[in-house]
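These notes concern the structure reproduced below.
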Amino acid sequence: MSNSDLPPEQRHHPRTPIELKVEYRRLNTFFADYTKNISRGGTFIKTQKPLEVGTHFVFRLFIPTLDDPIVLSGQVQWTVKPGEESSADEHPGMGIKFTYADIDERRVIESRVERLMIDSLGKHLYTKLLKRHSTKPPT
């Protein structure tokens, strides 16, 4: 079973609820949506028109404390379609796994996302979340 098939509590990286603006292009049309959460390994983008699973794309993540957005590459791992699949607790959208050009880019992006999570949750809560997540049996 891949990480994308796992329930949220069994993912490789803990997620922090956060709403950030995301922009990306799809078939010559630009979209602006918002994240639902983020982790060091990916994010969930709320959208009524999720891309197909497996789609690779580039998107810009707008962080209020930064002058310029972070440009990220990702791959759609899973989707929640509007209507039947979505509910009040399960927003329509797509789960995105970050992809990297090389190990250096990975380190930079993971560091930025970790800083964002700490800023959002506070160091104490972030540390507790990491401890709770790391004590779960490996999947």
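The values are calculated or read from the model by the stated rules, or taken from the named source; none is laboratory data. Remember, it's a predicted structure, so these values are computed and weren't measured experimentally. FYI the Cβ positions are ideal-geometry reconstructions off the backbone, even for glycines, and counts take in every protein chain you see.
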Item checked: Cross-chain or 6+ apart pairs with Cβ under 8 Å, region 27-49 first and over 9 Å from R15 (Cβ atoms) and without any contact (Cβ under 8 Å) to a residue 60 or more places away in the chain, then in a strand (DSSP E or B) and acidic (D, E) -> F30/E23; F31/E23; A32/E23; I45/D33; K46/D33; T47/D33
Checklist line | Single residue of region 95-139 satisfying the filter (among the hydrophobic types (A, V, I, L, M, F, W, C) and modelled with pLDDT under 70) that is surrounded by the most Cβ atoms within 10 Å (Cβ to Cβ) | finding: L121
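For region 1-15: of the residues being among the charged types (D, E, K, R) and crowded, with 16+ Cβ neighbours inside 10 Å, which is modelled with the highest pLDDT? Step through it out loud before you land on a result.
Within region 1-15, the subset among the charged types (D, E, K, R) is 5, 9, 11, 15.
This time we only want the ones that are crowded, with 16+ Cβ neighbours inside 10 Å, so: 11, 15.
On the way: R11: 50, R15: 70.
Across region 1-15, the extreme among qualifying residues is R15.
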Margin query: Just to verify a result, which residue in region 66-84, among those that are surrounded by 11 or more Cβ atoms within 10 Å (Cβ to Cβ) and not in a strand (DSSP E or B), is modelled with the highest pLDDT?
Written below: P69
Note to self: Can you report the number of residues in region 16-65 which are exposed (fewer than 13 other Cβ atoms within 10 Å of the Cβ), of a type in the set (G, A, S) and part of a strand (DSSP E or B)?
What the structure shows: 1
Check: Limited to region 16-28, what total is found for residues that are out of contact with any strand residue (DSSP E or B) (no Cβ under 7 Å at 6 or more places or on another chain) and at pLDDT 85 or above?
Finding: 1
